[in-house]
1. State all residues of segment 39-69 that are more than 17 Å from residue 29 (Cα to Cα) and of a type in the set (Asp, Glu); if no residue qualifies, say none.
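Readers should treat all values here as calculations from the given coordinates under stated rules, not as data from a laboratory. Since we're looking at a predicted model, the values are computed, not measured. When we count neighbours, we look across all protein chains shown, and the Cβ atoms used for this are built from the backbone with ideal geometry, even at glycine.
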Amino acid sequence: MSERQHLVIQGKTYELTWVDHIDGGLGEKNHDMLRIVFERGRPAERTIATVLHEALHLISDELVLSLDEDTINRLESGLYCFLSESGVDLLPLIREPGA
Ligand SMILES: [Zn+2]
């Protein structure tokens, strides 16, 4: 399965870039460049949670919610648990749909 290349968040299409190593985290976003960078080779569950985390940052920025890092971390955990325990397939967040 190939790595997902784009995600649409709040109507904006973000390019996903996959790298071998990121200092100090598993992902980082650049709102102005419409780019999100992820570290490859991590367990899928961890990478999916990181996608949710970066998406929450971008939604917070886009809607001017000013959510701090601690709030984003808690929302990431709560949202991941809710969706996965509800049987939602989250793999398409990190893999090309249908690939
Ligand atoms: Zn963060």
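1. Restricting attention to segment 39-69, the residues satisfying the condition of being more than 17 Å from residue 29 (Cα to Cα) are 41-45.
45, the sole residue that qualifies.
Okay, residues lined up against (1) closer than 14 Å to residue 9 by Cβ; (2) among the hydroxyl-bearing types (Ser, Thr, Tyr); (3) surrounded by fewer than 14 Cβ atoms within 10 Å (Cβ to Cβ):
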{"residue": "48", "(1), (2), (3)": "no, no, no"}
{"residue": "55", "(1), (2), (3)": "yes, no, no"}
{"residue": "71", "(1), (2), (3)": "no, yes, yes"}
{"residue": "93", "(1), (2), (3)": "yes, no, no"}
